[in-house]
Structure formats: structure tokens, C-alpha cells
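Taken together, the values in this text are just the output of simple stated rules run on the coordinates, not laboratory data. All figures in this text were calculated on a predicted structure; none of them were measured in a lab. Glycine gets a Cβ as well: all are built from the backbone with ideal geometry, and neighbour counts include every protein chain shown.
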Amino acid sequence: MAELTNCPSCDELFVKSQFRDLCQKCWKEEEQAFEAVYQFVRKRENRAATIYQVVENTGVEEELILKFIKSGRLKVTQFPNLGYPCDKCGTIIRQGKLCGHCAEQLKKQLDIHEYEEERRLEIEKRGKGTYFAAEDNLRRRN
């Protein structure tokens, strides 16, 4: 469903739809930038270009090129040296949000957390045992 919002690029008021998150003017500019990038990288001699070479030769901002890659408009399988930074460490990757090292570290941390949680629940369970008052000791005192 469409909603009225401000364009994140120029702050102009526009009707946002499920297909566009920019106003018409900014969307056209983005499309022109995409066309410039795509025309550059699809040339045989430029297919192995890095993202920095693409920025330098097209004048399109790196963030916008990364947006094209992340959204799937530029397929990294066709351009072997294009990638985007890992969300955690910044290493250039070609798929997902994290590089292999960061993903492994996160998995280890989750495993440790899961182990500690199980351990905490076990200790809690042991601590909630049934206790009986020693009635004999109470009677002897009286």
C-alpha cells in the first residue's frame, strides 16, 4: 500500500510504493547512474574492474553501486571483482551479509550463549528442589 513520505535523498514529499523508495526525480537519477555503471562493467575489458575502478570511471558513488549489488541489479557472478563489505568487519564479500570469519565467530558466540543458557536453566532447576522441614528437630526443641 502506498504512503506519503519524504524522499531519503532530497527530502521532497512523494508517495512511496512497494516498488520505489525514492521520489520520481531521484529515481530517474538513480536509473541513469545504474545505466552508466552497467554500460561500463558490461564491456569485456571492464568486467574484471573493482568497485573503486567503477567509481573512478563512472563518477557514481560507491554507496549507490553497493546498493545495486545488494539489491541484485548487478550480478557479482558476472563481474568477478565486484563485491560489497561485510557488515561487521568490512572485508569484501560476494554473498550474504557477513564474511566467513565473522559468520564463524558469530556461530561460536551463539553456541557459547546456548551452552550458558542451558547451564543456567539446569542450575535453576536444581535450585528449585523440594525442601522438607525437619519436623523432628522442631519437636525436640519444644
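Overview of results
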| quantity | calculated |
| --- | --- |
| Partner aspartates and glutamates for Lys25 [C-alpha distance under 15 Å; skip if fewer than 8 residues away on the same chain] | Asp11, Glu12 |
| Positive-end residue, region 60-120 charge dipole about Cα centroid, Cβ charges, pick of Ile112, Leu98, Ser71 | Ser71 |
| Most fluctuating residue given options Phe79, Phe34, Phe14, as computed from a GNM of the chain linking Cα atoms under 10 Å | Phe14 |
| 222 nm mean residue ellipticity, helices alone, for the chain (DSSP H n ≥ 4; -39,500 (n - 2.57); rounded to 500) | -16000 deg cm²/dmol |
| Equivalent ellipsoid dimensions for region 3-127 as semi-axes, Å, which come from the Cα gyration tensor, largest first | 40, 24, 10 |
| Reachable aspartates and glutamates, given that their alpha-carbon falls under 13 Å from the alpha-carbon of Lys67 and they are not under 8 places away in the same chain | Asp21, Glu30, Glu31 |
